[in-house]
Structures are given as C-alpha cells and as structure tokens.
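Working notes, structure below.
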Amino acid sequence: MTNSIAILGIHTGVGKTIASAVIAEAIDANYWKPVQAGIEERDTDRVRQLLTDGNTRVHKESLMLSQPMSPHAAAAIDGVEIDYKKFQWPKTNKLLLVETAGGILSPMSANTTMADFVHYYQLSAILVAQNYLGSINHTLLSVEVLKNRGIHLLGIVMNGIANQSSETFIENYSSVPIVARIPHFEILDNSSIKQSAKLIQQSLQNILHPDILNKF
C-alpha cells in the first residue's frame, strides 16, 4: 500500500501505540489501527489525545470488536469475520502509520496473522521492541520472520529503559539498525510526546528518504 508503514511489535505490550504516537509526531504522519479489540480503552483515542492535531490525523478503525483479546477470538465472540483484503483504507496525503495488534505472528483472523496482513499489502515496517529478559530472542525471531516473508524492515525502535548490551547484540546479529529510542514517560501527554519526537526526528527522516519511500 503506497505511502504506508506498518508498526509491528515483538509481542503484546511493548509500546506500539506510544511509539506510533511519537513517530507520527516526529514525521508528521497520520495514524490508523485497522482492528481494535476492546471498546473501553481504544488505542485510536489515546493517540488522538497525544498527537498534535490528532482529530484530523487519526483515522477510524475498520473494525471494532467488543472484547479486549486477540482479534480472532474477539471476532468469534462478536460473530464477525475479519477479512483484511476488504479493509477500507483511510484517504490521506500524508504518510500513514498502520499499527497492528500483538506480535507479528499474533492472529489477525481465524487463519491469518499480522505478518500475513503486512505482506499482503506489501507494507514496509518498523519493529517496536523493548528490553526485558528474553527480548533479544523475541526481537531476533521477529526479524527472521519478516526477512523470510520479504517484508522490508526499515529499522527497530526501542521503547522504554535502555540496555546497551542487548541493543548492540541485536543490531550486530540482525544487521537491522535501531533507528530510534523512546524513553519511559513519567508524564504522558502531548508535550512529552513532542519532546521525544524532536530527539528522533532526524534518524527517522534518514530511513524515510524519498528514495526509500518510493520503493513502497
């Protein structure tokens, strides 16, 4: 899908939504989460509140599911079928960040994964990771899956507390650069998002050069 980038995670809870907000703020991109499972805490609402001009830059989900669980299970409860080939994509002239749910092999539907969705639309991707015991393994496994499926991985974004030893190993072993680091936020609001966005703006612009974007 032209002019769109998938925001993927190494697993659930690594901070894809916050990373999406910071990245969108840094490069003046729009945001879209195609499938939302759980209606009480919507990632779309959170990003809308955090982004500058969020009301115009955050797009409505294609599918809202009532239960906060894996989309395939939530869809079964709601009695709906998820077919990402039928998604209506937002219309925007800006770069669109597409946040997936869970990890890259988390289910999108009863028989597809987030990686299947990204591959189908030929999206380039940014992988969000976090430092914790076992995260090197999860990150490298995610990179291997993306490479094997021919998904163009622009880089890795580390979210939360830094661990230089782990990050150096990940970069050296995978040959994928860590293109940005997003800190843990004591206060999460538009001001803190803007401050973090300024710090990573240049590094993101380097990987989003027009010569790279034209490959989408």
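The values are calculated or read from the model by the stated rules, or taken from the named source; none is laboratory data. In this text the structure is predicted, and so the values were computed from the model without any measurement. Cβ coordinates were reconstructed from backbone atoms using ideal geometry, including for glycine residues, and neighbour counts include every protein chain displayed. The area values use the complete protein model at the heavy-atom level, side chains included, leaving out ligands, DNA and RNA. Shrake-Rupley method; radii C 1.70, N 1.55, O 1.52, S 1.80 Å.
Can you tell me how many residues in region 64-103 are without any contact (Cβ under 8 Å) to a residue 40 or more places away in the chain, among the basic types (K, R) and either assigned to a loop (DSSP other than H, G, I, E, B) or under 26 Å from A129 (Cα atoms) (or both)?
Within region 64-103, residues that are without any contact (Cβ under 8 Å) to a residue 40 or more places away in the chain, among the basic types (K, R) and either assigned to a loop (DSSP other than H, G, I, E, B) or under 26 Å from A129 (Cα atoms) (or both) number 1.
Residues that are within 27 Å of T139 (Cα to Cα) and at pLDDT 95 or above, at least 1 per element: which helices (runs of 4 or more DSSP H) completely within region 1-63 meet that?
Fully inside region 1-63 and qualifying: 16-27, 43-50.
Hey, any hits in region 132-139 for a residue that's closer than 19 Å to S4 by Cα, in contact with a Ser or Thr (Cβ under 8 Å, 6 or more places away or on another chain) and either among the β-branched types (V, I, T) or at pLDDT 95 or above (or both)?
No, region 132-139 contains no residue that is closer than 19 Å to S4 by Cα, in contact with a Ser or Thr (Cβ under 8 Å, 6 or more places away or on another chain) and either among the β-branched types (V, I, T) or at pLDDT 95 or above (or both).
Please give the number of the condition E99 fails out of (1) open to solvent by 10 Å² or more (accessible area, probe 1.4 Å); (2) in contact with an Asp or Glu (Cβ under 8 Å, 6 or more places away or on another chain).
Here E99 clears every test but (1).
Give the residue, chosen from K94, K85, that is open to solvent by 40 Å² or more (accessible area, probe 1.4 Å) and in contact with a strand residue (DSSP E or B) (Cβ under 9 Å, 6 or more places away or on another chain).
Step by step, each of K94, K85 is checked, and only K94 is open to solvent by 40 Å² or more (accessible area, probe 1.4 Å) and in contact with a strand residue (DSSP E or B) (Cβ under 9 Å, 6 or more places away or on another chain).
Enumerate the pairs (first residue in region 26-55 and touching a residue at least 24 places away in the same chain (Cβ under 8 Å) and surrounded by fewer than 18 Cβ atoms within 10 Å (Cβ to Cβ); second residue anywhere and outside any helix (DSSP H, G or I) and of a type in the set (S, T, Y)) with beta-carbon separation below 8 Å, excluding pairs fewer than 6 apart on the same chain, so at least 6 apart or on different chains.
G38/S66; I39/S66
Need the failing condition index for I170 against (1) over 20 Å from V22 (Cβ atoms); (2) among the hydrophobic types (A, V, I, L, M, F, W, C); (3) assigned to a helix (DSSP H, G or I), just the number.
(1)
Filter region 136-167 for residues that are outside any strand (DSSP E or B), over 19 Å from I18 (Cα atoms) and open to solvent by less than 50 Å² (accessible area, probe 1.4 Å) and give the result.
L140, S142, V143, V145, L146, I151, S166, E167
Could you list all residues from region 107-121 that are open to solvent by 30 Å² or more (accessible area, probe 1.4 Å) and either within 19 Å of the chain's Cα centre (by Cα) or at positive phi (or both)? Write out each step before concluding.
Step one: list which residues in region 107-121 are open to solvent by 30 Å² or more (accessible area, probe 1.4 Å), which gives 107, 110-111, 116, 119-120.
Hits for region 107-121 are P107, D116, H119, Y120.
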